[in-house]
Structures are given as structure tokens and as C-alpha cells.
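Worksheet: one structure, shown below.
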Amino acid sequence: MDPLMSQKRLQFVHVAWLALCGGSGLAGLIAGAPLWAVLAIMVTASVPGIAGSLVPAGDSSWRGLVVISWTLVALAGLILTGGGASPLTILLLAAPLAGLLAGARRMAAEAGVFATLALFLALVGGQLGWVPQPAAWAGAVAVPFAFSGLVVSALMVWMLVHSGMAEKLQQKLQPAAVSVPENSNGAAAARPQVPRVPGRGAALLDVTPEGRLRGVAGDTFGLHALRPGAALTSLFEPGGLPGDVTQPGARVTGEATLVSGQRVLIAAETSSGGATLLLFAPPAGLADPAEDARVAFEEELKRRTAFFASLGHDLRTPLHAILGYAEIMQAELMGPMPEVYADYPAIIHESGTDLLLLVDDILDLARAEAGQPRLDPEPVDLAASAESVMRQLKGHADRAGVTLKLKSQGEAWAEADARAVRQIWQNLVSNAIKYSGNGKTVTLETRIEGGAAILSVQDRGAGIPADDLARLTQPFVQATGAKAGTGLGLSVVRRFAELHGGELRLSSKPGRGTRAEVILPRASEADLRPLDEAAE
């Protein structure tokens, strides 16, 4: 597993756990647990989240701290909430899953053995009376934290499934070592061995991040340039590749044209350490094992992604309950709030809204990857949608010392899904607030240009380095020096824009801020006419 991608996935899961801890603590308070107990539990439960969100790439000692902290939190939860019968037994899964996600298989195996032993002792201890009786309020806290543990465990399983797809594709071929040229660097020797491919009609290429061949196995297709050290682009005609196979995190499949004019099938997967390309020219009338492997890979990816996308209802329901209770507390419908807690409902509501947006981002990205996007195009007033989001995020902006301003050049109606447009605004404005300094202004703008309806968000922050702009729309990717986050927002915005037949454009100037512009199809006059008639 690529260390950098492993680090990003581990950090994402643990940031999600910290957010879920906040929601679980609120649920415990609402259910009647004392404030001191909820705060103590939240601090303890946050330890693995903090350790996991700060883990550096490839640091085995820090990964060990993450696994150990999960184990200790799970053990403490079992002891305080009834032993083996506690719903917090689900937390015993987190330690071995975190170890696997961090790439520490031995550590994960040891954590699994310890978790099994801890569960056995908890069950026996409960029967023998060694485990103390739980407090009366323990159940009120245990259930929401158990649900949070289930969500995080499911996320880690999903991450592991996705990271193992490339290995599963390679296992469909015969594994064997490939020689590394003498002039290659040490990083090449540390890469996994590539599988052996048939001597004729197939080739497996190991490519450096700079786009040069690091290792070659299989057929040369009659090309003398197909050898270590050659530039990858020298093997293909201009425009002969189906996509950019050097973009980190990209998966490219399709047909390619060699400089000899021969057409071959290509499957490529890239990471920060380079790319692996499979070229295959199946004989006429025979099955194509590379194509079969690719199709099987994509089908399995779609099935698993669709499964996690279906979890949306289960994830969103408790979040809506938290938001509803927070709104009741804000409105003081059940009586006045104590002054010391007066600001808490607004903060809880804002944090819950952020978490709901994160869940929506994850699920929408999963549905899009599975080919099941939820879109219901209709005429959408971009300015009205922007005003609604500004009202929602005003508290967040005020606390950051940021002013939100809307510029609208007349009516701007887009033919788009209203929920998707709102989510685009939410992601862009949230990012702009995060990266704008105190006293700065974030400007939202809508306009019509020809057949396009355009929305944009401009901040006055530090700006984004030019090298980072091209890769920012990839899932889990963040700019250099970025603040804590998942790296999903811009990826979801780009995906929504593309699903509508539009695009996302990013521009930035160091020290002057960043502008994100989303181009959507303009609503037709025929679609707007019923709305005008209804208004009259």
C-alpha cells in the first residue's frame, strides 16, 4: 500500500471519528448522562482520533500508538459499561482495522488476538462478578458511541477494500519477480514485484513519477524503445493514450495506439511512487484475460461502492436527530437554557451540519463512482440557493471573522439538481471561510454567459500553489500546507459539475486568494415559463 495514500486514509477515518465523538457526546447529554461523565468519555475516546489524524507517513512507532490507543479505549469501554454484554464490543474491531489501514499487518494481527482475549475475559469476568456494575447513565452513552464505532469500522473496511483492488487485479496474473536496471534508484527496488505476463502479446510496464520506464516484463511489440530508461510518451502516438497515466491516483483503461500504429488495450493505475501499465493485444478469436480482469475489477468496485452508498439512510438518520434536538435547544422550546450553556446549541448545530455535509460528500462520491448518482434536474435559482447557504454558514463565518457577500448580475437560473447545487455552494463557501483570514471577505457570484449558468466563490486567503491546483479535485488530496480536512469537498464539486455536463475551474494567485467557478447548463425559457406563470 502506498505510504502517502495510507496516511491520508488513516487521517480521514480518524477525523471522522473525532466528529462522531462530538455527536455521540451530545446524544449522551440529551439522553440524561451527567455532563462531567460525557466530557470525560469524550476526552478519552478522542485519544485514538487525535493520534490517527496526526500520524505521519510510514512512521511505525506512531502507527503503534494509534493501534494501542484504540485497544485501551475499547477495553476501558467494556469494563465501564457491563463487560462482554456491552454494545461497545464493536470498538474491539477498530484496533486491528486501524493496523491494517496503516499497513502494519503484524501489529493488526496482534491487536486482533488481544481483542479476542479481552472479549473472552470480559465475558468470563461478567459471569464471575469481576466486572463492576455499570452506572445508571452508562447505557445512554454506550449506544451512541457504539454506533459511532460501527460507522468508523465500516469506513475502515471500505478503505481497505479500495486499497486492495489493485493487488487483486495483479493476482489474476502469475506473480514473478522482475529485474530492476542497474541505473535505477533505491526507491525502485523497494517497489512491489510486478507479475509475470505472457511472452507474446502482453507487457507490464513499471513507470517512474517522471514518466520513464523503470521495469519492463513481457512482449516488446516490436518497439526497440520499450526498455528501462525510455520515456513513456515515446512509445505512443501523440494523443494515443486514453488518459493521463501520470496523474497521481488516476485509473485509466481503454485503447492506446503505439508509435508503430498497432492498437493495444491498456489498464493503468498510478500513485505517488509512479504508475503500473498493462498493455495487451489479444489474438483474434481468443479471450482477452487483461480485459476480463479489468471488467471483473470494475464490477467488484461498483458492487462494493454501491453497498457503502446504501448506508446513507443509517448514517443520516442519527445526524438529523442531533440537528433537530440542537434546534429545539436553540429555540428554548423546552425552557430557557442555563447561561453557561447558551452558546452550545449553536456550536452543536454547526458541527452537526458540517458532519452531515461530510457524510453527504462521501455518499455522493460513492454513488458517482458506482454509476448511481442522485440527480433530478430542474430550474434552480443560483442566487436564492446562495442566500440560503449564506444564512446557514453565517455563524461559522462570524466566528472566523469573515464577511460573506453576494454579487448577482440579474437572474441566473441553471438546469440542475437543487440539492447538488446547494452542496456545491456549501463545499466552496466552507473552504473559502476556512482559508480566509480574520477581517477578509468571501464573495459569492452568479451570472449568465451564453448557454451557461455560472456560480463562483472568491476568497482573499493566501492562495494555492500552481503545482497543487491540478490535483486538488482528486479525492482525499489537499494543497501543500492545507488545514485539517478530508480533501473531499472539491472532488465532490467537480463530480457534480461533470454529471451536469459542466466543469469546475480553479484559479489562484499567491497572497491574493483563490477563485472557484462552476459552470452549469442554463435553464431554458420553456422550463422557466411555468414558474413565471405560477408566480403571476
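Any read-out appearing in this document is the output of simple, stated calculations on the displayed coordinates, not a laboratory observation. Everything numeric in this text was worked out from a predicted model, so none of it was measured. Here the Cβ is made from the backbone with ideal geometry for all residues, glycine too, and neighbour counts use every protein chain on show.
Kirkwood-based Rg over Rh for segment 1-163 (C-alpha set), two decimals?
On the way: Rg = 15.4 Å, Rh = 15.8 Å.
Here Rg/Rh amounts to 0.98.
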### Task
For a footprinting-style exposure proxy, rank D376, D381 by other Cβ within 10 Å, fewest first.
D376, D381
### Query
How many nm separate the modelled label positions at E327 and Y344, each set 7 Å beyond the Cα in the direction of the Cβ?
2.1 nm
## Note on the structure
Along the dipole axis of segment 378-535 (charges at Cβ: +1 for Lys and Arg, -1 for Asp and Glu; origin at the Cα centre), the most positive-end residue among Q392, P521, S508 is S508
### Summary
Distance in nm between E237 and Q133 label points, each 7 Å along Cα→Cβ, equals 8.3 nm
## Note on the structure
One finds the C-alpha centres of segment 65-135 and segment 397-455 to be spaced, in Å, by 46 Å
### Query
Which log10 I(q)/I(0) values, to two decimals, does segment 378-535 give at q = 0.14, 0.17, 0.21 Å⁻¹ under the Debye formula with one point per Cα?
-0.67, -0.97, -1.41
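With r as the distance between the Cβ atoms of L160 and K394 and R0 = 35 Å, compute the FRET efficiency 1/(1 + (r/R0)^6) and round to 0.05.
Numbers: r = 40 Å, r/R0 = 1.13.
After rounding to 0.05, the efficiency reads 0.30.
My understanding is that a pair violates if its Cα-Cα distance is over 18 Å; which of K407/K434; K405/K440; K394/K440 do that in this structure? Don't skip to the answer; put the middle values down first.
Values: K407/K434 20 Å; K405/K440 11 Å; K394/K440 14 Å.
With Cα atoms farther than 18 Å apart: K407/K434.
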